[in-house]
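Asker: Let me give you the structure first, and then I'll get to my questions.
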Number of protein chains: 2
Amino acid sequence: MPLIRAWLDSANDPETAFPLNNLALGVFAPQAGAPARCGVALGDRVVDAAALEAAGLLALPGGPLLDRAVWNPVMEAGPAIWAALREQLSALLAEGAPRRDEVAPHLWPMAEATLHMPFRVAEFTDFYAGRHHATNVGTMFRGAENALPPNWLHIPIGYNGRASSVVVSGTPVRRPWGQLKGPDDAAPRFAPSARFDLELEMGAIVGTPSEGPISVAQADEMIFGYVLLNDWSARDIQAWEYQPLGPFQAKATATTISPWIVMRAALEPFRCDTPAREVPLLPYLREPGPMLYDIALEVALAPENGTEAVIARTNYREMYYSAAQQLAHHASAGSPMRSGDLLGSGTISGPTRDSRGSMLEIAWGGKEPLALPDGQERRFLEDGDTVTLRGAAQGDGYRIGFGDCAGQLLPAIDRPDWA
Amino acid sequence: MPLIRAWLDSANDPETAFPLNNLALGVFAPQAGAPARCGVALGDRVVDAAALEAAGLLALPGGPLLDRAVWNPVMEAGPAIWAALREQLSALLAEGAPRRDEVAPHLWPMAEATLHMPFRVAEFTDFYAGRHHATNVGTMFRGAENALPPNWLHIPIGYNGRASSVVVSGTPVRRPWGQLKGPDDAAPRFAPSARFDLELEMGAIVGTPSEGPISVAQADEMIFGYVLLNDWSARDIQAWEYQPLGPFQAKATATTISPWIVMRAALEPFRCDTPAREVPLLPYLREPGPMLYDIALEVALAPENGTEAVIARTNYREMYYSAAQQLAHHASAGSPMRSGDLLGSGTISGPTRDSRGSMLEIAWGGKEPLALPDGQERRFLEDGDTVTLRGAAQGDGYRIGFGDCAGQLLPAIDRPDWA
């Protein structure tokens, strides 16, 4: 599929993340203090979709659906409405659109907009489906012989996370306190995490709900769209707490998502297969077609008052399991899946050091510090560091992007008087 | 505190679970097909609290708060409103109440009422804070020497569960499918769980939200009330999936709660201390006073068309950690806690076989089948079995109860054609 030309020039720039092919969905305030509303990214502008609906230029069956400053009502409305939304937006914004003059007043400069959470997260689940990541972490913790857990090639393993901790790009993240105990310590102590990390992930958003087990094909149809996702992780809290119930407070501080949801429809041209299976999957997890996406990803790190450096480049196609497989597994024991559920892919690492999606892997548990261009070193994140994830699928003369998924690490709070 | 006498005789019966001291909160439909509404249990009646508010007999500041068929608006309104609710209800229902004649038409027979979910669960977390349970399970899985994980005496360990799977008492539970692999199997298979279990727990409900770390004292003040909670568990799914990320699909099928929320205020007379600490807790987890409750608990099992038998009797005071300690730990890494969060205590087992809160423990992993009075044996639950949890605090001439927390296990669905 080629570029779909818009009447807005900046949307036709081959370098923009937001051509008309994308129609990424967010929630924005056009200026400081203005109320938040549903918007659609287009070139260097945000289209006030809520205003278009209020003016009758968008008319979604069952509407109004855009008047609540979250995209959940559209997500809940189902695939026919998702298609109608894209069709109507395209008709209003395409080159030669007859109602251009009515639409134009509802475009706002993206550079001046404040971006909010694009949807209300129902529940958040995080998976562990990147083979290079699981192998790297397993090698560090259990040795190369036992790197992959026995279930890993059979199950897209995951754990439930904390929806209340999901924040939108730009939200500062506070270094957490937690129980820490090194292998040689006699007892644990309560202290700020000293091994605070990022995790480069994609997030899949469930649109249509389910009751009972579903097939992978059904799961794929339920997915509304994707975001970039940074699953901030306190490695020292995790090491002490995670046996036998899994990560808990190590993952509770924050999870940052990109401000823009890229709908599944916009990613269709970029579908690709998961890697060859080392052991056959059980039938309930088999994919009826390509369910991953070719999306180039990068992690950038900027020390406070320093220069940003890209510290990892990889691709979503490195995953061993797709979001559809994860969702099918998630529903297998009967848990209802709900509109607004967010599924983290697991950390996306490639096979080389410069393609690893976490500091834990890049600096190999602190043993191989990462040199930054300005001469600083990093084992884990330092106070003031800003981590930015970026991603884009490269089409024929256009790109599909998500906007920056960024967060700055703030110092821990002072010790509370009761601690 | 003695019995507070009500003008309704059945509320003064020393055996009722619902004297005026209790004022347990639920959501009910007085007859089949009638709309659900907020109600208060009193003796053998349900007081239509929504109707009392609509009639102006209850006037909560900031109201109406009872018109949405869930108790969340009251929970969110905070401790002053919780106290006002109890005070106004007491004034309307106490012996000699001047407005008795206006209130009486709003009482409905509990036996004819249908009970619904009393609140919307924001997020669900399950802990593992019963020492006898952790020791029993650890002994079975890792041997007596390594029964308690190293972190267990230092952290009230827990994991995030799935809020969408929480159901009210009376909801049937469907035996789940899942990936199963015995230690001697060459590969996993997808099949119905053959080791499906119950877990006797208490659930604590967060009323007021928090941002950032909180003390145990603050956590205790945030708790709105308690329910009985059965955390249904598929032991065979769990055994294969839980390393290294913890329980996931094993706990995803359903969690059943009692229909009545007992407010924290009703449990004040029954506060008691946690057991002596084997190792000192870090200051952030220390309790400023007694935070557990003396609540007698029992598990009953009824085969389909068979006779119900009580298979375990224990007490909430057996826990090593209180809900307030769990909540303080939950918030320690910065996760916002929200009104409507539900915290499972972990399985409550006593020191003896007849006080164990799960079939896994009672029948010791299937090695010591439980004999039922009608001659049947149980290793785990069988299709058609109904499990009922009951609990009550015994006061001076009155009891505080939760209503039955019951669910019947239905057979697994047929194998889907894609599985």
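Asker: Of everything in the range A:152-177 that's at the interface with chain B (Cβ under 7 Å from one of its Cβ atoms) and assigned to a strand (DSSP E or B), which residue is most open to solvent (accessible area, probe 1.4 Å)?
Answerer: First pass over the range A:152-177, keeping only residues at the interface with chain B (Cβ under 7 Å from one of its Cβ atoms): A:154-155, A:157-165, A:174, A:176-177.
Restricting the remaining residues to those that are assigned to a strand (DSSP E or B) gives A:158-160, A:174, A:177.
Numbers: A:158: 4, A:159: 14, A:160: 11, A:174: 108, A:177: 15 Å².
Among residues in the range A:152-177 that are at the interface with chain B (Cβ under 7 Å from one of its Cβ atoms) and assigned to a strand (DSSP E or B), the one most open to solvent (accessible area, probe 1.4 Å) is A:174.
Asker: Can you tell me which residues in the range A:296-314 are open to solvent by less than 50 Å² (accessible area, probe 1.4 Å) and either farther than 9 Å from residue A:355 by Cα or within 14 Å of the chain's Cα centre (by Cα) (or both)? Can you show your working first?
Answerer: Taking the range A:296-314 as the starting set, the residues that turn out to be open to solvent by less than 50 Å² (accessible area, probe 1.4 Å) are A:297-303, A:306, A:309, A:311-312, A:314.
Of everything in the range A:296-314, those that are open to solvent by less than 50 Å² (accessible area, probe 1.4 Å) and either farther than 9 Å from residue A:355 by Cα or within 14 Å of the chain's Cα centre (by Cα) (or both) turn out to be A:297, A:298, A:299, A:300, A:301, A:302, A:303, A:306, A:309.
Asker: Could you check residue B:201 against (1) in contact with a Gly (Cβ under 6 Å, 6 or more places away or on another chain); (2) farther than 18 Å from residue B:250 by Cβ and say which number it fails?
Answerer: (2)
Asker: Of all the helices (runs of 4 or more DSSP H) wholly in the range B:50-151, which have at least 1 residues that are among the basic types (Lys, Arg)?
Answerer: Working: elements: B:72-77, B:79-93, B:100-103, B:131-142.
Once the helices (runs of 4 or more DSSP H) in the range B:50-151 are filtered for at least 1 residues that are among the basic types (Lys, Arg), what remains is B:79-93, B:100-103, B:131-142.
Asker: When residue A:187 is evaluated against the numbered criteria (1) facing chain B (nearest Cβ under 10 Å); (2) open to solvent by less than 10 Å² (accessible area, probe 1.4 Å), which criterion, by number, is the only one it fails?
Answerer: (2)
Asker: Within the range A:315-330, how many residues turn out to be surrounded by fewer than 24 Cβ atoms within 10 Å (Cβ to Cβ) and small (Gly, Ala, Ser)?
Answerer: Of the residues in the range A:315-330, 0 are surrounded by fewer than 24 Cβ atoms within 10 Å (Cβ to Cβ) and small (Gly, Ala, Ser).
Asker: Which condition does residue B:143 not pass, out of (1) more than 13 Å from every other protein chain (Cβ to nearest Cβ); (2) closer than 17 Å to residue B:361 by Cα; (3) buried (at least 17 other Cβ atoms within 10 Å of the Cβ), if it passes all the others?
Answerer: Evaluating residue B:143 over (1) more than 13 Å from every other protein chain (Cβ to nearest Cβ); (2) closer than 17 Å to residue B:361 by Cα; (3) buried (at least 17 other Cβ atoms within 10 Å of the Cβ) leaves (3) as the failure.
Asker: Now for a different question. Only one of A:375, A:384 is free of Cβ contacts under 8 Å to residues at least 60 places away in the same chain and over 30 Å from residue A:22 (Cα atoms). Can you tell me which? Lay out the reasoning, then the answer.
Answerer: Details: A:384 fails: free of Cβ contacts under 8 Å to residues at least 60 places away in the same chain.
When all the criteria are applied, what remains is A:375.
Asker: Can you confirm whether the range A:84-97 contains a residue that is within 30 Å of residue A:312 (Cα to Cα), open to solvent by 10 Å² or more (accessible area, probe 1.4 Å) and not assigned by TED's automatic domain parsing to the domain that holds residue A:356? Steps first, answer last, please.
Answerer: In the first step, residues of the range A:84-97 are kept if they are within 30 Å of residue A:312 (Cα to Cα); the result is none.
Taking every residue of the range A:84-97 in turn, none turns out to be within 30 Å of residue A:312 (Cα to Cα), open to solvent by 10 Å² or more (accessible area, probe 1.4 Å) and not assigned by TED's automatic domain parsing to the domain that holds residue A:356.
Asker: If I filter the range A:294-314 for residues that are more than 8 Å from chain B (Cβ to nearest Cβ), closer than 30 Å to residue A:211 by Cβ and touching a residue at least 40 places away in the same chain (Cβ under 8 Å), do I get at least one hit? Working first, answer last.
Answerer: Step one: list which residues in the range A:294-314 are more than 8 Å from chain B (Cβ to nearest Cβ), which gives A:294-314.
Now narrow it down to the ones that are closer than 30 Å to residue A:211 by Cβ: none.
For the range A:294-314, residues more than 8 Å from chain B (Cβ to nearest Cβ), closer than 30 Å to residue A:211 by Cβ and touching a residue at least 40 places away in the same chain (Cβ under 8 Å): absent.
Asker: Scan the range A:274-331 residue by residue and report those that are charged (D, E, K, R) and in contact with a His (Cβ under 9 Å, 6 or more places away or on another chain). Step through it out loud before you land on a result.
Answerer: Going residue by residue through the range A:274-331, those that are charged (D, E, K, R) are A:277-278, A:286-287, A:294, A:298, A:304, A:308, A:313, A:317-318.
Across the range A:274-331, the qualifying residue is only A:318.
Asker: Looking only at residues that are touching a helix residue (DSSP H, G or I) at 6+ places or on another chain (Cβ under 8 Å) and β-branched (Val, Ile, Thr) in the range B:247-273, which one is farthest from the other protein chains (Cβ to nearest Cβ)?
Answerer: B:255
Asker: List the number of the failed condition for residue A:290; all other conditions in (1) under 22 Å from residue A:205 (Cβ atoms); (2) of a type outside the set (Ser, Thr, Tyr); (3) more than 14 Å from every other protein chain (Cβ to nearest Cβ); (4) in contact with a Gly (Cβ under 7 Å, 6 or more places away or on another chain) hold.
Answerer: For residue A:290, the failing item is (4).
Asker: Output the residues belonging to the range A:232-246 that are open to solvent by less than 20 Å² (accessible area, probe 1.4 Å), facing chain B (nearest Cβ under 7 Å) and within 20 Å of residue A:361 (Cβ to Cβ).
Answerer: A:234, A:237, A:246
Asker: For the range B:94-110, which positions are out of contact with any strand residue (DSSP E or B) (no Cβ under 7 Å at 6 or more places or on another chain), under 14 Å from residue B:55 (Cβ atoms) and hydrophobic (A, V, I, L, M, F, W, C)? Outline the logic, then answer.
Answerer: Residues of the range B:94-110 out of contact with any strand residue (DSSP E or B) (no Cβ under 7 Å at 6 or more places or on another chain): B:96-105.
Then drop every residue that is not under 14 Å from residue B:55 (Cβ atoms), which leaves B:99-105.
Residues satisfying the conditions are B:103, B:104.
Asker: If you scan the range A:335-353, which residues turn out to be surrounded by fewer than 24 Cβ atoms within 10 Å (Cβ to Cβ) and either away from every other protein chain (no Cβ under 12 Å) or in contact with a Ser or Thr (Cβ under 6 Å, 6 or more places away or on another chain) (or both)? Don't jump to the end; show me each part of the working.
Answerer: As a first pass, look at the range A:335-353 and keep what is surrounded by fewer than 24 Cβ atoms within 10 Å (Cβ to Cβ): A:336, A:338-340, A:342, A:350-353.
Listed by number, the residues that qualify are A:336, A:338, A:342, A:350, A:351, A:352, A:353.
Asker: To continue, here is another question. Please state which one of A:63, A:33, A:56 is without any contact (Cβ under 8 Å) to a residue 24 or more places away in the chain, within 30 Å of residue A:337 (Cα to Cα) and assigned by TED's automatic domain parsing to the domain that holds residue A:111.
Answerer: Working: A:33 fails: within 30 Å of residue A:337 (Cα to Cα); A:56 fails: within 30 Å of residue A:337 (Cα to Cα).
Step by step, each of A:63, A:33, A:56 is checked, and only A:63 is without any contact (Cβ under 8 Å) to a residue 24 or more places away in the chain, within 30 Å of residue A:337 (Cα to Cα) and assigned by TED's automatic domain parsing to the domain that holds residue A:111.
Asker: Given the structure, is residue A:127 in contact with a strand residue (DSSP E or B) (Cβ under 7 Å, 6 or more places away or on another chain), more than 14 Å from chain B (Cβ to nearest Cβ) and within 24 Å of residue A:341 (Cβ to Cβ)?
Answerer: Values: in contact with a strand residue (DSSP E or B) (Cβ under 7 Å, 6 or more places away or on another chain): yes; more than 14 Å from chain B (Cβ to nearest Cβ): no; within 24 Å of residue A:341 (Cβ to Cβ): yes.
The answer is no for residue A:127.
Asker: I'd like to verify a number: residues in the range A:196-214 that are touching a helix residue (DSSP H, G or I) at 6+ places or on another chain (Cβ under 9 Å) and more than 29 Å from residue A:349 (Cβ to Cβ), how many?
Answerer: 4
Asker: Taking the condition of being surrounded by fewer than 24 Cβ atoms within 10 Å (Cβ to Cβ) and either part of a loop (DSSP other than H, G, I, E, B) or touching a His at 6+ places or on another chain (Cβ under 6 Å) (or both), how many residues in the range A:22-49 meet it?
Answerer: Of the residues in that region, 10 qualify.
Asker: Does residue B:366 satisfy being in contact (Cβ under 8 Å) with a residue 60 or more places away in the chain and not charged (D, E, K, R)?
Answerer: Working: in contact (Cβ under 8 Å) with a residue 60 or more places away in the chain: yes; not charged (D, E, K, R): yes.
Taking the combined requirement at face value, the residue satisfies it.
Asker: Restricting to the range A:194-222, name every residue that is in contact with a Leu (Cβ under 7 Å, 6 or more places away or on another chain) and assigned to a loop (DSSP other than H, G, I, E, B).
Answerer: Listed by number, the list holds a single entry, A:198.
This table checks each residue for (1) open to solvent by less than 10 Å² (accessible area, probe 1.4 Å); (2) small (Gly, Ala, Ser); (3) modelled with pLDDT under 95; (4) within 15 Å of the chain's Cα centre (by Cα).
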residue	(1), (2), (3), (4)
A:195	no, no, no, no
A:202	yes, no, no, yes
A:213	no, no, no, no
A:224	yes, no, no, yes
A:227	yes, no, no, yes
A:230	yes, no, no, yes
A:269	no, no, no, no
A:289	no, yes, no, no
A:292	yes, no, no, yes
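Asker: Return the pair list, or none, for Cβ contacts closer than 6 Å from residues in the range A:224-250 that are within 30 Å of residue A:266 (Cβ to Cβ) and in contact (Cβ under 8 Å) with a residue 60 or more places away in the chain to residues that are open to solvent by 10 Å² or more (accessible area, probe 1.4 Å) and among the β-branched types (Val, Ile, Thr), at least 6 apart or on different chains.
Answerer: Here the result reads A:232/A:253, each pair linking the range A:224-250 to a residue that is open to solvent by 10 Å² or more (accessible area, probe 1.4 Å) and among the β-branched types (Val, Ile, Thr).
The values are calculated or read from the model by the stated rules, or taken from the named source; none is laboratory data. Just so you know, these numbers come straight off a predicted model, no measurement behind them. Neighbour counts are summed over all protein chains in view; Cβ atoms, including those assigned to glycine, are modelled from backbone coordinates with ideal geometry. Heavy atoms of the whole protein, side chains included, go into the accessibility calculation; ligands, DNA and RNA do not. Shrake-Rupley method; radii C 1.70, N 1.55, O 1.52, S 1.80 Å.
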